[in-house]
Amino acid sequence: MKDSPDVAIDQIDDDRLRVTVGDKQYDIEAYCPHRRGHLAHGYVNARALRITCPLHHSSYSLETGEPTGGPSGRPLCVRQVDDPRVPE
């Protein structure tokens with residue numbers, strides 16, 4: 001789910017997602033570190049650059065991976081993609 005037409009969540013492989021917010025892209029873990037909720041079904045807040053797990057509503061910064069709310073105390077593994085046109 002998203003709050004803006006400039007947001008997309010794409011599955012890269014079984015364990016990774018690419019979250020696009022405007023012209024910024026982030027590779028993130030596909031599953032929440034709290035209880036493994038599938039973040040492809042999460043809520044992306046484009047203004048705050050956060051993703052929220054649909055299972056228990058743990059929220060994470062897309063920039064740092066740090067938890068910003070909810071029950072999770074562990075960070076989410078995130079990496080900003082500098083130039084999405086360059087293959088990884």
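The values are calculated or read from the model by the stated rules, or taken from the named source; none is laboratory data. Note that the structure is predicted; figures quoted are calculated from it, not measured. When we count neighbours, we look across all protein chains shown, and the Cβ atoms used for this are built from the backbone with ideal geometry, even at glycine. Note: accessible area is taken over every heavy atom of the protein model, side chains too, but ligands, DNA and RNA are not part of it. Shrake-Rupley method; radii C 1.70, N 1.55, O 1.52, S 1.80 Å.
Taken per residue, the accessible surface of the chain reaches 59 Å², heavy atoms only and a 1.4 Å probe. Of Gly37, Gly65, Gly22, which has the largest mean-square fluctuation in a 10 Å C-alpha GNM of the chain? Maximum fluctuation in the GNM of the chain, among the listed residues, is at Gly22. The candidate values were (i) 1.40; (ii) 1.69; (iii) 0.97; the one computed from these coordinates for Cα Rg over 2.2 N^0.38 Å carries the label (iii).
Taking Arg16, Arg47, Arg36 in turn, the Gaussian network model of the chain (Cα-Cα springs below 10 Å) assigns the largest fluctuation to Arg47.
For the chain, which whole-number percentage of the solvent-accessible area (1.4 Å probe, protein heavy atoms only) is attributable to carbon and sulfur atoms? Let's see the in-between values first.
On the way: 2490 of 5210 Å².
Percent of accessible area from carbon and sulfur atoms in the chain: 48.
What the Cβ-Cβ distance of Ile12 and Ala48 gives, at R0 = 30 Å and to the nearest 0.05, is a FRET efficiency of 0.85.
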